[in-house]
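One structure is given below, encoded as structure tokens.
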Amino acid sequence: MTTDEQTLRERAQTTDATLRVGKGGVVAVAEELESQLGDRDLVKVKFLRAARGGTTTDELAERLAAQAGADVIETRGNTATYH
């Protein structure tokens with residue numbers, strides 16, 4: 001892990017979730033994630049139980065990252081942080 005990645009992970013701990021993924025799935029919030037990443041360099045997303053269904057948070061986080069053109073910094077519990 002590079003120093004830049006370490007710094008982003010440290011900052012992610014104090015960042016509040018500004019997006020929530022629910023039963024609409026990742027498609028419904030991909031555009032909003034792109035918009036928020038245009039305004040700031042870190043965005044934390046919470047995946048609600050309705051969105052997870054039979055998948056893991058890691059799988060959903062990667063799917064959302066691919067649709068929004070973002071990088072997953074980390075996933076922890078039911079949240080993921082993007083850059």
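Every number here is computed from the coordinates shown, using simple stated rules; none is lab data. This one's a predicted model, so the numbers in the text were calculated from it and none came from an experiment. Cβ placement follows ideal geometry from the backbone for every residue including glycine, while neighbour counts extend to all protein chains displayed.
Rounded to the nearest 10 degrees, the angle from helix 27-39 to the longest Cα principal axis of the chain is 20 degrees. With contacts taken as Cα pairs under 8 Å and at least 6 residues apart, the chain reaches a relative contact order of 32 percent. Amide H contacts of residue 15 (H built 1.01 Å from N, in plane; Pro and chain starts excluded): no residue 5 or more places away or on another chain comes under 5 Å. Extending 7 Å from Cα along the Cβ direction at residue 34 and again at residue 20 yields two label points whose distance is 2.5 nm.
Taking the charge dipole of the chain about its Cα centre, with +1 at Lys and Arg Cβ atoms and -1 at Asp and Glu Cβ atoms, the residue from 69, 29, 42 reaching farthest to the positive side is 29.
Rounded to the nearest 20 debye, the dipole magnitude of the chain is 500 debye, with +1 charges on Lys and Arg beta carbons, -1 on Asp and Glu beta carbons, and the Cα centre as origin.
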